[in-house]
Every structure is written in C-alpha cells, then in structure tokens.
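Remarks on the structure that follows.
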There are 2 protein chains.
Amino acid sequence: MKVEKLKVNFKTLEEFKKFKEYGIQELSMLEDLEANMIEDKSDSPFYGIYFGDKLAARMSLYKVSAKYDRYFYPTQDYLELWKLEVLPHYQNKGFGKALVEFAKGLGLPIKTNPKVKSSVFWEKMGFTSVEYNMERDLGENPLVWYPEGVELQSN
Amino acid sequence: MKVEKLKVNFKTLEEFKKFKEYGIQELSMLEDLEANMIEDKSDSPFYGIYFGDKLAARMSLYKVSAKYDRYFYPTQDYLELWKLEVLPHYQNKGFGKALVEFAKGLGLPIKTNPKVKSSVFWEKMGFTSVEYNMERDLGENPLVWYPEGVELQSN
C-alpha cells in the first residue's frame with residue numbers, strides 16, 4: 001500500500017471525478033491545466049493510493065505557515081489535511097489509515113475538519129478535539145494531532 | 001415569517017438537536033450554559049424562524065473583522081454565514097430564503113461555504129463563487145454576496 005504524491009494531469013483529474021468531494025479546487029486545477037498555466041506533471045497538494053492503475057483513495061495536504069498558526073504551541077508550520085476519501089469499493093481495507101499515517105510521518109502537527117460522523121476513525125488515529133473557539137473555528141469541527149513536544153495553544 | 005435572534009438557553013439547545021449540523025459549537029454552548037459561564041438568554045450567533053413554538057430553520061452569522069478580510073474590496077467587516085438549515089418538514093416554503101434575505105439586510109458583504117449540492121439555491125440568492133485560492137480557501141468552496149459598491153479583492 002504505497003502512498004504517492006499525485007501529479008496534476010488530465011488522467012489524475014479524471015480519477016478525481018469519482019470522488020464525492022469534487023469541487024472548485026479540482027475545477028480550478030482543470031482550468032489551469034487547460035490554459036497551460038501549469039505543466040502536466042506539476043505537483044499537486046494531493047496524495048493517493050493506487051490499486052492497480054485505479055486511484056482508490058486520496059487526501060489533500062497543505063502546509064500552513066507558522067504565522068497563521070492559531071492551534072499549536074510552540075507556534076509552527078502545520079499541515080491542514082482535507083478531502084480524505086476512500087472510494088466505496090476500497091473501504092475498510094486500511095487505505096484511509098495508510099494516508100493518515102503517511103501525513104503523520106511528515107513530522108508536523110496536523111489539523112483537520114472532518115465530518116462529524118467520522119469521529120471514531122479520527123479517534124483511532126490519535127486525533128483529539130480542541131476547545132471550540134468561535135472566532136477561530138466558525139463552522140469547523142477541528143481535530144488535531146501533534147508529535148511529541150507539541151501541545152495546544154491556550155486560547 | 002419572522003427571523004429572530006436566538007437566545008442561548010436550554011430550550012434553544014434542545015431545539016438545536018433536531019438539526020443535522022449539530023456539532024461542537026452547540027456542545028460548547030451547552031457546556032457554558034451548564035457551567036453558568038453564560039447567562040440564560042445570552043445572545044448567540046444564531047438566528048431562526050419559529051413555526052408556532054417549534055424552531056423550523058436556523059443559521060449562524062458571525063461578523064469577521066476587516067483585518068481578517070481576504071475576500072472583499074474595499075477591505076471591511078463582513079459576515080460569515082454557516083449552519084443554514086431548514087428542518088425537512090418545513091423545506092421549500094421560503095424559510096431558507098427568508099434567513100438569507102435577513103442576513104443581506106444587515107448591509108455587510110457575506111461569505112459562506114455551502115455544500116456543493118446547494119449551489120442552485122445560492123445562485124438564486126445572488127451569491128457568486130470566487131476564484132479559488134488554495135492558500136486562503138483550503139477545503140472550502142466559498143461563495144460571496146456583496147452590496148453595491150463592494151467588489152472582490154484581486155488575488
């Protein structure tokens with residue numbers, strides 16, 4: 001089960017159409033590709049797991065700069081994880097876990113904003129909820145994971 | 001169809017349990033109420049429409065300060081609208097529209113991050129999508145509405 005960084009090309013974007021969380025980020029990548037604003041093979045924020053030649057699972061990871069960090073202490077760069085999704089046919093086989101373990105292996109704290117119903121999964125992965133702060137979190141239900149030596153910022 | 005600001009009390013929080021988007025914001029309000037950290041009747045960020053004595057629809061509105069504004073020009077305070085939801089029994093009766101019209105009546109630009117499937121509704125309400133900016137928007141699909149004299153910030 002190998003996690004790989006996904007290249008932005010028409011094949012990848014075609015695979016993305018199978019995922020439920022297909023939205024303006026994907027459309028924006030498609031437009032850039034069509035307008036030759038990005039090269040075929042540019043890096044994307046997406047990581048995925050192929051099963052044969054089919055993309056079975058994916059997530060998006062974006063490094064947020066320390067100057068915007070309102071979650072961790074000491075203040076530092078952290079990863080925002082979103083669009084974690086395993087296609088129905090491949091669920092309950094450890095693909096989601098493999099993606100999250102990969103993200104944890106990058107050594108930075110992680111923040112995500114999962115669907116409420118997926119809380120059991122995130123708990124198993126060692127993520128914890130934060131004290132809700134309306135001004136910071138608005139419509140989000142943030143969960144965080146941090147490596148040793150890192151803790152939550154106090155509000 | 002009267003839109004009213006909802007008071008934070010046990011009755012309101014009980015009504016909130018009927019809504020799908022019940023999450024840590026509501027739980028945090030409940031904890032504060034139980035710990036007497038807020039008074040019964042404190043203002044909440046919620047607005048709603050009652051049908052008889054039942055809460056039929058609600059939304060949350062939060063004023064984001066101009067210094068965090070990355071969407072509008074000139075830079076200004078704006079409203080973040082989220083948790084707009086009409087209970088199933090009351091749908092397609094104009095409750096959602098009434099809430100959004102109320103928000104527009106406050107005279108500030110509005111940003112929301114709706115579910116992709118609700119785009120027809122938001123279009124009817126005069127909201128438009130923004131050019132996706134990954135660093136700013138991450139997992140969001142932002143839509144905006146602005147009063148006359150306001151436009152989008154250029155990226």
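The values are calculated or read from the model by the stated rules, or taken from the named source; none is laboratory data. Predicted, not measured: the structure shown is a model, and the values here were computed from it. Because the Cβ atoms are built from the backbone with ideal geometry, glycine has one as well, and the counts that use them run over all protein chains shown.
Below, the figures for the structure above:
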{"item": "Test: residue in segment A:63-82 that is aliphatic (A, V, I, L, M), within 26 Å of B:ASN133 (Cα to Cα) and surrounded by fewer than 17 Cβ atoms within 10 Å (Cβ to Cβ)", "result": "yes"}
{"item": "Count of residues meeting criterion [surrounded by 14 or more Cβ atoms within 10 Å (Cβ to Cβ) and either under 30 Å from B:ASN92 (Cβ atoms) or at pLDDT 95 or above (or both)] in segment B:28-59", "result": "14"}
{"item": "Filter result for A:THR128 (of a type outside the set (Phe, Trp, Tyr), surrounded by fewer than 14 Cβ atoms within 10 Å (Cβ to Cβ) and in contact with a strand residue (DSSP E or B) (Cβ under 7 Å, 6 or more places away or on another chain))", "result": "yes"}
{"item": "Selected residue [over 24 Å from A:PHE127 (Cβ atoms), assigned to a loop (DSSP other than H, G, I, E, B) and not hydroxyl-bearing (Ser, Thr, Tyr)] from A:LYS93, A:LYS18, A:LYS11, A:LYS7", "result": "A:LYS18"}
{"item": "Residues within segment B:21-32 that are touching a helix residue (DSSP H, G or I) at 6+ places or on another chain (Cβ under 7 Å), part of a helix (DSSP H, G or I) and among the small types (Gly, Ala, Ser), tallied", "result": "0"}
{"item": "Number of positions in segment A:1-27 that are in contact (Cβ under 8 Å) with a residue 40 or more places away in the chain, surrounded by 16 or more Cβ atoms within 10 Å (Cβ to Cβ) and either within 13 Å of another protein chain (Cβ to nearest Cβ) or among the basic types (Lys, Arg) (or both)", "result": "3"}
{"item": "Residue list for segment A:124-155, filter: under 19 Å from B:GLU21 (Cβ atoms) and touching an Asp or Glu at 6+ places or on another chain (Cβ under 7 Å)", "result": "A:LEU138"}
{"item": "Top-ranked residue in segment A:132-155 [being among the aromatic types (Phe, Trp, Tyr) and either exposed (fewer than 14 other Cβ atoms within 10 Å of the Cβ) or outside any strand (DSSP E or B) (or both); ranked as modelled with the highest pLDDT]", "result": "A:TYR146"}
{"item": "Residue match in segment B:109-120 (condition: surrounded by 13 or more Cβ atoms within 10 Å (Cβ to Cβ) and aliphatic (A, V, I, L, M))", "result": "yes"}
{"item": "Selection from segment B:114-123 of residues that are touching a residue at least 24 places away in the same chain (Cβ under 8 Å) and over 16 Å from A:TYR22 (Cβ atoms)", "result": "B:PHE121"}
{"item": "Pair list, Cβ under 8 Å, 6 or more apart: segment B:125-149 residue at the interface with chain A (Cβ under 10 Å from one of its Cβ atoms), other residue among the acidic types (Asp, Glu) and outside any strand (DSSP E or B)", "result": "B:VAL130/B:ASP137"}
{"item": "All positions within segment B:91-124 that are within 17 Å of the chain's Cα centre (by Cα), β-branched (Val, Ile, Thr) and more than 10 Å from chain A (Cβ to nearest Cβ)", "result": "B:VAL100, B:ILE110"}
{"item": "All positions within segment B:33-90 that are away from chain A (no Cβ under 14 Å), part of a strand (DSSP E or B) and β-branched (Val, Ile, Thr)", "result": "B:ILE49, B:VAL86"}
{"item": "Pairs, first farther than 20 Å from B:LEU6 by Cα in segment B:80-96, second surrounded by 14 or more Cβ atoms within 10 Å (Cβ to Cβ) and of a type in the set (A, V, I, L, M), C-beta under 7 Å, six or more apart", "result": "none"}
